[in-house]
4 protein chains.
Amino acid sequence: MLSQQELIQLFQETRKDSEHICSFLETEDYVVQPIVDVSPPKWHLGHTTWFFEEFVLKKYADSHKLFDDNTAYVFNSYYESVGDKVIRTNRGNLSRPTVAWIYDFRKYVTNAMLELLNSQQLDEQALSVVEIGCHHEKQHQELLYTDIKYILGNNPLFPKYNDEFEENPIQDFKREWLMVPEGVYEIGNKSDDFCYDNEKGAHKTFLCDFEVSNKLVTNAEFIEFIEAGGYKDVLLWHAEAWDWVNENNINSPFYWHKIDGKWHQYTLNGLIKLIPDAPVTHISYYEAFAYAQWKGMRLPTEQEWETAQQYFEWGSRWEWTESAYSPYPNYTKPDGALGEYNGKFMVNQKVLRGGSVATSAKHTRHTYRNFFHPQLRWQFTGFRLVK
Amino acid sequence: MLSQQELIQLFQETRKDSEHICSFLETEDYVVQPIVDVSPPKWHLGHTTWFFEEFVLKKYADSHKLFDDNTAYVFNSYYESVGDKVIRTNRGNLSRPTVAWIYDFRKYVTNAMLELLNSQQLDEQALSVVEIGCHHEKQHQELLYTDIKYILGNNPLFPKYNDEFEENPIQDFKREWLMVPEGVYEIGNKSDDFCYDNEKGAHKTFLCDFEVSNKLVTNAEFIEFIEAGGYKDVLLWHAEAWDWVNENNINSPFYWHKIDGKWHQYTLNGLIKLIPDAPVTHISYYEAFAYAQWKGMRLPTEQEWETAQQYFEWGSRWEWTESAYSPYPNYTKPDGALGEYNGKFMVNQKVLRGGSVATSAKHTRHTYRNFFHPQLRWQFTGFRLVK
Amino acid sequence: MLSQQELIQLFQETRKDSEHICSFLETEDYVVQPIVDVSPPKWHLGHTTWFFEEFVLKKYADSHKLFDDNTAYVFNSYYESVGDKVIRTNRGNLSRPTVAWIYDFRKYVTNAMLELLNSQQLDEQALSVVEIGCHHEKQHQELLYTDIKYILGNNPLFPKYNDEFEENPIQDFKREWLMVPEGVYEIGNKSDDFCYDNEKGAHKTFLCDFEVSNKLVTNAEFIEFIEAGGYKDVLLWHAEAWDWVNENNINSPFYWHKIDGKWHQYTLNGLIKLIPDAPVTHISYYEAFAYAQWKGMRLPTEQEWETAQQYFEWGSRWEWTESAYSPYPNYTKPDGALGEYNGKFMVNQKVLRGGSVATSAKHTRHTYRNFFHPQLRWQFTGFRLVK
Amino acid sequence: MLSQQELIQLFQETRKDSEHICSFLETEDYVVQPIVDVSPPKWHLGHTTWFFEEFVLKKYADSHKLFDDNTAYVFNSYYESVGDKVIRTNRGNLSRPTVAWIYDFRKYVTNAMLELLNSQQLDEQALSVVEIGCHHEKQHQELLYTDIKYILGNNPLFPKYNDEFEENPIQDFKREWLMVPEGVYEIGNKSDDFCYDNEKGAHKTFLCDFEVSNKLVTNAEFIEFIEAGGYKDVLLWHAEAWDWVNENNINSPFYWHKIDGKWHQYTLNGLIKLIPDAPVTHISYYEAFAYAQWKGMRLPTEQEWETAQQYFEWGSRWEWTESAYSPYPNYTKPDGALGEYNGKFMVNQKVLRGGSVATSAKHTRHTYRNFFHPQLRWQFTGFRLVK
């Protein structure tokens, strides 16, 4: 558990980071929502701010005056049952509040928070909510990167975001297969540091022998799959995946473009030639599974991944696992608004492990359980094989 | 036909008017597209500019250098067959080009046009395209008003556009029924002034006796229909209208809100109390028809409207007629890109006559044939009865 | 107006004809509903019977006992507002009541009707309902043919219906263009014989000069359009038609199949080689319009058709006209359940005139106004040109 | 492994059983397909027959002449990639081949099979395909029951199937909680008797302590959940489940009808009063999960179920588990058409264990892994709780 002083620093850094990410945008880029999964950047900035006003200031800062009475309605995401859906698909239709308004809102709430944190000692529960709020904002920072990439990368003009963001680190080492022997292992988070509820409930699990690759699958390797007709071989795909491939004419990872016979990739630095040795990214679970089938191998389960992760490098791609997202055996649902929705997404989603080039510093760890629907590709996803 | 000098003035006024309309917007308001029928204001500004560059400057200004090679792709609307649909629903997903870029584009093209118009005498065909371009932009000015109203009026914060726009002129005179006797009448446009192709082909038509109201149906009258259960009486509605009413839970004109038991209306001046004597507006053909059924009357045909219009005031509401939009008997399709799509919309649309509070000065006339699908409501539509 | 004796004969013939049409079916053919526009044959047999029980026997046969209390629910079509839609798309999901039950129901009602008609003199209103009931059943006879054709013709086994039905009469005469001079003409039905409400209200209309073909467009002529790329030329199509063509991959009339490079047509006699000189059929209004555009001609309006029809042969194809379906000027909606829905379909539909090889004897006439949505093709539709 | 003699008996019984199930139907009942998940009974009869002709007779009966060359096209289900979907949704549109034709087809294939089985000793692989074919047909027997129930139970006339089928066995014993201690257990099928590939690959698994109910949840217990507002409490439902509940207005198990304030249930014996002590059935995984949330308990995993099943009675309801369907650790995909699709459904489905009143004799076992999408309700599904 962080001290209040450490928390002040975490809070300040986190708030600054979000604004730094957006500092490369034009006003117009803050507004649009090309698909339902992508939220407008201004919404992320407002929503993470609303969180602190709603769950900290309203409760613990006695004299706090709300910045605006309509804020909650616009920036709430899923904490109310009915309004939720309407708002989510409508986020990109709202030109107001403006970007300037949102920055004012941020400044107002950041200042009020700092005043609160600097003026009195908060109890443990309050500090815990502040900490959650910082991690919540860090999660949205990753979404800011991926949503900005979607917005710019699906514009016919392919504008670049900036020149700095490095999304294709090379794995310049040899592929090796790490052997993990059969046995009972323990997984889950037992540390006192921050983690999400779904990581808790450390428990034993039995694993059979397996071998796991020390490297992620690369672009060059994925091209072999494409050239071998992988996208056209029904036997490699789940039934629902095959429908998805055909209805959407999927024939390469997302953001790939074949121009004059050469594969290119849209990146946050603009359109570039595909880098063969970079780990493949922006692929669905379906594509990861099909590739593994084609190789006669498979994806790891999340238990295997967590057990073996100490022996390989990870963190540049969220790694699809074979595991469907479901609660750990000892999981107990916490009370209250912050915890109550944890079980809500535990169906039809696959667990991803690790972290990506877009994950905020200090935000992931080896027990972190990310999850997405198997067809989604706008995150920096990748995979490694098990045999 | 206007002289080149008159045309320069029309052109300058028209360009200025579009920018004046948008001068009340925030940058964010230029970007969004809440429904497919509504285009982002920045798209209207770009598209009307593209028109002059594509059809005038490229053809008649020898040394003209395109402002940007990607413009056409983004601002073309329906003049290419396949790209059309993709772009239309995507207009609101494009944060680039920016608003600033579009104003630069406008300035560049306006200047190039004025240079062309001031430096050499254009032939009749060229002048005719310039004139069409001005009217084309005036049409988009009306869409700017209605699309801005949609964007702001469907925002939960109900921001106002400005304080000036007057959308509810009162008809403070008594209702009278004008008798038009049976006979052969001529309709269509025979003037030398500008008009659209679909108005030409003046021809005779036979009309039976009819009586037409000198007044549009008012808000107060429409409330009677609502209170009599008009929206719930299947016998008043077309089969397709009844589905539409029920699937969309339609129970009042668009932009009406019942707040604390009182009807309000969102207007470009913000949310106001409904004005009983103002002509009802933002209603579909279906609702106009149902109201007429309920009164035991009917809507005029466009031939009746055109014949009788000299005896009543019109111009505050586009008036739904009973006529389906189809070509006039002597209509011949003109050649070339500008004319070729005239027949394209002549199915499943109803003719509207008159003009509205949002129609640009000098843009409408008694032979003008507007047309929309019968369920659309975001224009300033209204109706008058015939018996 | 028919005498009661004549009506008895009409009734008996009509009832027999429906059963004769179905005598060529297997039990299974009575049950299915491949698309919403097509009703299961057993539904037609039941619905036409329900009509007589509901509107005649319940009202005029004092001691009539309903065959079954649930009949109305299943066989009502659109005479109740809410239940309607649910039932229409569900008709093909109902295995009960069985076909045998429906024939028992028919026999019971036919006998009760004959007993009523033979035992007492009915008043004029009652006789008029009986006459409408016969014409209603004749309308459903045409639907029986076209629905059976759809059911069998979309089965991969292409079963034939019978060997007798003649659907491709040749027009073995030369094409000529009949000149109709400008003037005021009268259209509409003024006879005392049976006609539908929508034909009444005879009235004057002004027609400009036109020339109309004495022949329908033939299969051979339509092949020229296909081979000239007609289905791929966006300029020939309405905006909505172009979407329809592309979303449904339309590239020939319905029921055409190219087998080993030769055009074939599914007919009620099974799959045959296309007959070049037969009038083209099973085409949408959109296709008729596109063909006319391609020829530089147009379709007649319904007023033109009715005025000119005395000079050409008609009756093998329902002929698409350019006219949108709307009420005649003097039309007044009759009261009561039988009449109340007449205005209900008067939007987004095109008028067809004439009749087809599937139209029952004595069922059509030169004032008959049929109407369908412009994309529908399962009726025996065709067209002739005007210039 | 069964001997050839035992297999002949299994085959004969199986073929007879399918026909016995259908002996209570009218011809019309064989034809319809009210939803995509339900196939017409005649399709089941044909498809199971096609299986024997395609995979046994074509391969092992040298002189076998196909009954009809078009059979495969109509009765294949998913063994071809592209044709599949088109056919599945179309099954209910095909009136031909007729029911009589299908019974002829069955007789022909049954006879050819018996001739083959009685005339020569088949090798092990051939016998194995025959055995699979029998179990395949037994699977379709369960679908026959559930599909027939859907067809009759969604008919407004609620016809009964027969008087014999017993679908609501009472559990007349006390609820007890069976304690299973933490430890490594083995699951999977190691027997030599027939089982499906997905059960093989027996392996160890680690289970934490748990207690499982000896009884399924009953109708009376489920009514408590309804009356406590369970269907209206968003906190009990997965995000996707909540959408499903609201879009489909779900407020009770499938086939339940509240008539005059009393719960009734459509059963294969017709509409009856709900039996309080019978195990609840026709519920989705979502409803089972919501009920468990409401009780503060959970569903078992499939590993827990298999380990504990020896201590409780099972077989009247397919029991939803918490486990997503995925391959066992040692699973290896078999070659060839029969095996190749095993992995195809292993995403977005939940495992069900046990068996139901509609499961054929000898068809299920304690290692059997059934699986369905979490929203499906037309099977005889139920659940038991774990704490």
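None of the figures in this text is laboratory data; all of them are computed from the coordinates on show. It should be emphasised that the depicted structure is a prediction, and the values quoted were computed from it without experimental measurement. Here Cβ is always computed from backbone atoms with ideal geometry, including for glycine, and neighbour counts include all displayed protein chains.
Assorted remarks:
- Cα gyration tensor shape of the protein assembly as shown, rounded if a/c is under 1.5, else prolate or oblate by comparing a/b with b/c: oblate
- For region A:371-382, 3J(HN,Hα) computed residue by residue from phi via the Karplus equation (6.51, -1.76, 1.60; θ = phi - 60°) reads 7, 8, 5, x, 8, 7, 9, 7, 7, 7, 9, x Hz, glycine and proline entered as x.
- Built from the Cα atoms of region C:177-382, the convex hull projects on average onto 12.9 nm², one quarter of its surface area.
- Phi angles of region D:217-223 translate, via the Karplus equation with coefficients 6.51, -1.76, 1.60 and θ = phi - 60°, into HN-Hα couplings of 5, 9, 4, 4, 5, 5, 4 Hz per residue; Gly and Pro are given as x.
- Selected from A:Thr267, A:Tyr285, A:Asn251, residue furthest toward positive end of dipole (region A:241-300; charges at beta carbon): A:Thr267
- Only Lys, Arg, Asp and Glu carry charge here, each on its Cβ (+1 for the first two, -1 for the last two); on that basis the protein assembly as shown has a dipole of about 0 debye about its Cα centre.
- Distances in nm from C:Trp177 to the matching label points in the other copies, shortest first (labels 7 Å along Cα to Cβ): 4.6, 8.1, 9.3
- Placing +1 on each Lys and Arg Cβ and -1 on each Asp and Glu Cβ, with no other charges, gives region B:183-309 a dipole about its Cα centre of roughly 360 debye.
- Chain A, dipole about Cα centre (Lys/Arg Cβ +1, Asp/Glu Cβ -1), debye to the nearest 20: 500 debye
- Label zone (B:Val184, point 7 Å along Cα-to-C-beta; backbone nitrogen cut-off 14 Å) within region C:300-325: none.
- Phi-based couplings in Hz for region A:347-355 (Karplus 6.51, -1.76, 1.60; Gly and Pro marked x): 8, 6, 10, 10, 6, 10, 10, x, x
- The ranking of C:Asp147, C:Asp163, C:Asp172 by Cβ neighbour count inside 10 Å, starting from the fewest, reads C:Asp172, C:Asp163, C:Asp147.
- Shape analysis of region A:260-387 yields a ratio of the Cα radius of gyration to the Kirkwood radius, Rg/Rh, of 1.01.
- For GluC sites (Glu not before Pro), the sites in region B:152-191 that DSSP calls loop and that have at most 13 other Cβ atoms within 10 Å are B:Glu164, B:Glu166, B:Glu176, B:Glu182.
- Eligible aspartates and glutamates near C:Lys273 by straight Cα distance, threshold 14 Å, same-chain separation 8 or greater: C:Glu167, C:Asp260
- Residue among A:Tyr145, A:Tyr331, A:Tyr161 with the largest mean-square fluctuation in a Gaussian network model of chain A, springs linking Cα atoms under 10 Å: A:Tyr331
- Centre-to-centre, using Cα atoms only, region A:13-41 and region A:172-228 are separated by 32 Å.
- Taking A:Asp17, A:Asp29, A:Asp243 as the candidate residues, the one with maximal mean-square fluctuation in a Gaussian network model of chain A, Cα springs under 10 Å, is A:Asp243.
- For A:Gly270, residues with placed amide H under 5 Å, excluding near neighbours: A:Tyr161
- Sequence-distant residues sharing a close amide H with B:Arg298 (under 5 Å, placed H): B:Val386
- Prolate/oblate/rounded call for chain B, Cα gyration tensor, a/c under 1.5 rounded: oblate
- Across the identical copies, how the D:Lys160 labels are spaced - nm, sorted shortest first, 7 Å along Cα→Cβ: 4.6, 7.2, 7.9
- Per the axis that maps chain D onto chain B, nearest residue of D (Cβ criterion) and its distance in Å: D:Glu247, 7
- GNM on chain B, alpha-carbon springs under 10 angstrom: the most fluctuating residue among B:Val217, B:Val130, B:Val184 is B:Val184.
- Three-way shape label, region C:1-81, alpha-carbon gyration tensor, a/c 1.5: oblate
- When each of B:Lys362/C:Lys344; B:Lys200/C:Lys295; A:Lys16/A:Lys65; A:Lys190/D:Lys232; C:Lys149/D:Lys42; C:Lys58/C:Lys138 is checked by Cα-Cα distance, pairs over 31 Å: B:Lys362/C:Lys344; A:Lys190/D:Lys232
- Shortest-first distances to equivalent copies, position C:Ser191, nm, label 7 Å out along Cβ: 4.8, 7.9, 9.2
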